[in-house]
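Novice: Quick one: the structure is below, questions incoming.
Here, each number is a calculation from the coordinates, and none is a lab measurement. Nothing here was measured: the structure is a model prediction, and the numbers come from that model. Heads up, the Cβs are rebuilt from the backbone with ideal geometry, glycines too, and the neighbour counts pull from every protein chain shown.
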Amino acid sequence: MNRWKPILLAALLPAALALAQTPQGEKPPNPPKPIDAARAARGKAVYERYCFSCHGEHGDGRGYSAQWLDPRPRDFTRAIFKCRSTPSGTLPVDDDLMRTLTEGLYHTNMVSWEVLGERSLRDVIEYIKTFSPRWKEEGPGDPIQFVREPADDANSRKKGQQLWNSQACFNCHGNTGKGDGSSVPTLFDDWGFHITPFDFTSSPHRKCGKGDKDLYRTFLTGMNGTPMPSFADTITAEDAWHLVHFLKSLNVSSTEQKIFGFSVGK
């Protein structure tokens, strides 16, 4: 039996080292899924026809149109994505990227490409993965789970307002949610571009989708590459729904706010 000990130790050592290097309580990255070369080859043709001018030949967001666009096109070389269903810091699943391609990103120059059809969009997703080594080193994170939504009533909205204040959301988004908080001048993305917080009073549409679940998802995943953090460690999943209900109320008239029984602000 003793002669097998060195072999067993050699086999177990890499796994032990990986666990030792993972912060306590943090799940190690999922194993990567091999890139489908055939799909990526087809996706390259789609990319070069429709995506090249903004995202650039090398996927670095430096296409010839990028200089006139604000916000700037996504840099795929770092594999950092705002709109995801996966935990902060992890790669998105394909369905996350598909949602962006089919719905577009509100208030940006990223339009919906649903007209290209699912096959072409899945192909271009596979090609996008070739721009960053991250896709070869780790797999996507595990999507968050949606808990049952509580009633969207005055009580829920008041809880949401309390959370808004306790989490200091007003520092960026302002007391009334107009995106004019005191921290605005200091906000920049990971590429050094100035970021303006979302104005919740102007439209029911949001950058990562117009549905309630889209806003819920953003609270619990954050928007990687921006100052918008994940609140998964500081609020409960049900709390996220209360925040959704409160923020929806910011888009209504002051008369309706009085009917709801509260005023917006700190």
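Novice: Tell me, what ³J(HN,Hα) does each residue in the stretch 49-60 have, in order and in whole Hz, if you take phi through Karplus 6.51 cos²θ - 1.76 cosθ + 1.60 with θ = phi - 60° and put x for Gly and Pro?
Specialist: Once rounded to whole Hz, the list reads 8, 10, 10, 4, 5, 9, 8, x, 4, 9, x, 9.
Novice: Taking H placed 1.01 Å from N in the peptide plane, check which residues at least 5 places from Leu91 or on another chain put their amide H under 5 Å from its amide H.
Specialist: HN-HN under 5 Å from Leu91: Gly141.
Novice: Right, something else. Return the distance in nm (one decimal) between the two label points of a simple spin-label model at Lys136 and Ala45, each offset 7 Å from Cα along Cα→Cβ.
Specialist: Result: 2.5 nm between the two label points.
Novice: Follow-up. Please list, in order, the residues from the stretch 190-208 whose amide nitrogen is less than 14 Å from a point placed 7 Å along the Cα→Cβ vector of Val184.
Specialist: Only 194-202 fall inside the zone, counting backbone N under 14 Å.
Novice: Which FRET efficiency value, to the nearest 0.05, do you get for Gln162 and Leu69 by plugging their Cβ-Cβ distance into 1/(1 + (r/R0)^6) with R0 = 41 Å?
Specialist: Calculated value: 0.60.
Novice: R0 = 25 Å: FRET efficiency of Asn171 with Asp95, Cβ-based, nearest 0.05?
Specialist: 0.15
Novice: Restricting things to alpha carbons, tell me how big the stretch 115-266 is in terms of Rg and Dmax, in Å.
Specialist: Looking at the stretch 115-266, its Cα Rg and Dmax stand at 17.6, 54 Å.
Novice: Now for a separate question. Using Cα-only point scatterers and the Debye equation, what is log10 of I(q)/I(0) for the stretch 85-154 at each q in 0.15, 0.17, 0.27, 0.29 Å⁻¹, rounded to two decimals?
Specialist: -0.64, -0.78, -1.21, -1.25
Novice: Another question, then. Quick one: which of 132-143, 81-92 comes out on top by average Cβ neighbours within 10 Å, and what's the full order, highest first?
Specialist: Answer by packing, highest mean first, reads 81-92, 132-143.
Novice: With the radius of gyration and the Kirkwood radius both derived from the Cα set of the stretch 37-137, what is their ratio Rg to Rh?
Specialist: Reported Rg/Rh (Cα atoms, Kirkwood Rh): 0.92.
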